[in-house]
Amino acid sequence: MIINHQTIKNDFPILSKKINNYPLTYLDNAASAQKPKSVINSIVQYYQEEYSSTHRGIHYLSNYATERIENIRSQIAKFINAKSEKEIIFVKGTTEGINLVANTWGKKFLHPNDNIIITEMEHHANIVPWQMLAEEKKLILRYIPLLPNGTLDVTKLPFLINKKTKLLAITHISNVLGTMNPIKQLIKKVRETSDAVILIDGAQAIMHKKVDVQKLDCDFYVFSGHKLYGPSGIGILYTKKKILNIMPPWEGGGSMIKKVSLTKKTTFNNIPWKFEAGSLHSSGIIGLGAAIKYIQKIGLNYIENYEKKLMRYTLTLLKKIPNLILYGTDNKIGIISFNLKKHHAYDVGSLLDQYGIAIRTGHHCAMPLVSYFKVQSMCRISFAIYTTKEDIDRLINSLIQIQYILNNKKNKIS
Ligand SMILES: *Cc1c(COP(=O)(O)O)cnc(C)c1O
C-alpha cells in the first residue's frame, strides 16, 4: 500500500486548524494523540442511533450496544494477540490499570520484605502505585538504573532479582526519551531466575509498534485509548487468564456481581466482568474500536518503519543546531527530548507556540528520569502517524529563530 501523508493529515479534522495564524504543527502526541474522523463519527453515530445502557437491559438497543462492546473486546484481544477476550478488562486508562493490579493482585499476593523491581525511567503512573503499596505492605522497591545514552543498565538486573522478587513492572517505551526497552529479553531473563509476575506499561508502545502479548510472555499489559488516536477515559488492562482467575475484584458495584444479599456473602461475576464495576464508558469503547480499525488499515509495521525514518531525519537536523542538548540517544522511537543551553524549556515551548507548534515542556510525569539528567525540565517532541518532514522542518527553522531571539534578549539584559 502506498501511503500519502497529506491524506492521513486530512483524516484528522483538528490538524487543519490555524494557531496564531500559523498552520498547527502538533508534536505533543506522547501526551495525547488527535482523533481521526472515523473515531469521531463512530461516537456521534453511537449516540445518535445506537445508544443505550449495556450489560443490563433486555430490550433491542441494550442488547445491540452490549453486543458491540463485547465484539470490540474480541477485536482488542486480536489486536494485541491475547489468547482470549476474557483477558481484556476495560479501565479508564493506563493509570487505572496499574492501580487495579496494585490493589488486587498486589494486595493479595505480596508480603512484607517481598521486592518489586521497576526502573529509573518510569512514568509516575508506574512508580507511585507501587510506592503506596510498598509502604502499606512493607515491600522493597528496586530500580534498574539508567545509562547516559537513555537505555537501561540491564547488566544490573541479576543483582536486583532474588527469591523475594514478586514483580517486574516496566515501561515498554520511555515517555520522555522514546527508548525502546528490550522487553522480550528482559522477561526471558526474569522467568529463568524467579517466579516474578511481569507488568508492561504499554502507554507509549501501543501507538508506535505491533504488540503481541503472547510473544512477549508478559502477565499484564496496560495502555490508554487516548494515545492510540481513540477517546479519553478508556484504556485496557490485559491480564493472563491464570492470574485473572485468582485475582480478587477491586471496586464493588453493579455488573461485577452474581448474587447480592443483605445477609449472605456476595458472589462475583465471571471474568472479565468481575473487574468492571458500574456502567461502562461505552462511547469510549466504541471510539477505541474505531481507532484500532483505523491504525490497522495503515498497519503498525508501516507506522513503526515510517516513524523510525522520521526519527533519523529529525535527529540529524537537531544535531546541527548549536547548543542544543539531546537526552537519550540510543534505540529511540517516536519521542525526542532536548533543551537549548542556557534557556528554560518553558521559554522555548512558549515561543514555539507563537509559531503554531505544540510541544510539551516540563518533567513529563517522570521526575526521577528528568533529574537523572540533572535538569528540572525538558522540551519534548513526539510523533504520530500524521507527522511529516514538513512539520519537522518547521520546528527546526523555528528553533533556530527562537535561539536567536532568546540569545539577544539575554545579551541586552546583561
Ligand atoms: C501517558 C502515560 C501513562 C499514563 O497514562 P494515562 O492515560 O494518563 O492513564 C503511563 N505511562 C506512560 C509511559 C505514559 O506515557
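The values are calculated or read from the model by the stated rules, or taken from the named source; none is laboratory data. Quick caveat, the model's predicted, so the values are computed rather than measured. Ideal geometry is used to build each Cβ from the backbone, glycine not excepted, and the neighbour counts take in all protein chains shown. Just the protein is used for accessible areas: all its heavy atoms, side chains included, with ligands, DNA and RNA removed. Shrake-Rupley method; radii C 1.70, N 1.55, O 1.52, S 1.80 Å.
Flag not set for residue 134, criterion: within 16 Å of the ligand (Cβ to nearest atom) and either outside any loop (DSSP other than H, G, I, E, B) or under 19 Å from the mean Cα position of the chain (by Cα) (or both). Within the stretch 204-226, the set of residues being aliphatic (A, V, I, L, M) and open to solvent by less than 10 Å² (accessible area, probe 1.4 Å) comprises 205, 206, 207, 211, 213, 222. Go through the residues of the stretch 78-87 one by one and say whether even a single one is more than 16 Å from the ligand (Cβ to nearest atom) and out of contact with any helix residue (DSSP H, G or I) (no Cβ under 9 Å at 6 or more places or on another chain). Checked the stretch 78-87: no residue is more than 16 Å from the ligand (Cβ to nearest atom) and out of contact with any helix residue (DSSP H, G or I) (no Cβ under 9 Å at 6 or more places or on another chain). Residue 229 fulfils the conditions (1) crowded, with 23+ Cβ neighbours inside 10 Å; (2) within 11 Å of the ligand (Cβ to nearest atom); (3) on the phi > 0 side of the Ramachandran plot except for a single criterion, (2).
For beta carbons closer than 8 Å, sequence separation of 6+ or different chains, a first residue in the stretch 239-258 that is free of Cβ contacts under 8 Å to residues at least 40 places away in the same chain and a second that is open to solvent by less than 80 Å² (accessible area, probe 1.4 Å) and among the charged types (D, E, K, R), the qualifying pairs are 256/274; 256/276. Scanning the stretch 315-367 for residues that are at positive phi and either hydroxyl-bearing (Ser, Thr, Tyr) or under 23 Å from the mean Cα position of the chain (by Cα) (or both) yields 328, 331, 334, 362, 364, 365. Among the residues of the stretch 187-235, write down those that are part of a helix (DSSP H, G or I), hydrophobic (A, V, I, L, M, F, W, C) and more than 19 Å from residue 123 (Cα to Cα). 187, 190, 213, 216 - these are the residues of the stretch 187-235 that are part of a helix (DSSP H, G or I), hydrophobic (A, V, I, L, M, F, W, C) and more than 19 Å from residue 123 (Cα to Cα).
Can you list the strands (runs of 3 or more DSSP E) lying wholly within the stretch 285-388 that have 1 or more residues being within 30 Å of residue 38 (Cβ to Cβ) and open to solvent by 30 Å² or more (accessible area, probe 1.4 Å)? Reasoning before the result, please.
Working: elements: 324-327, 335-340, 360-362, 378-382.
Of the strands (runs of 3 or more DSSP E) lying wholly inside the stretch 285-388, those with at least 1 residues that are within 30 Å of residue 38 (Cβ to Cβ) and open to solvent by 30 Å² or more (accessible area, probe 1.4 Å) span 360-362.
Residues that are part of a loop (DSSP other than H, G, I, E, B), within 16 Å of the ligand (Cβ to nearest atom) and open to solvent by less than 10 Å² (accessible area, probe 1.4 Å) within the stretch 94-126 comprise 121, 122, listed in sequence order.
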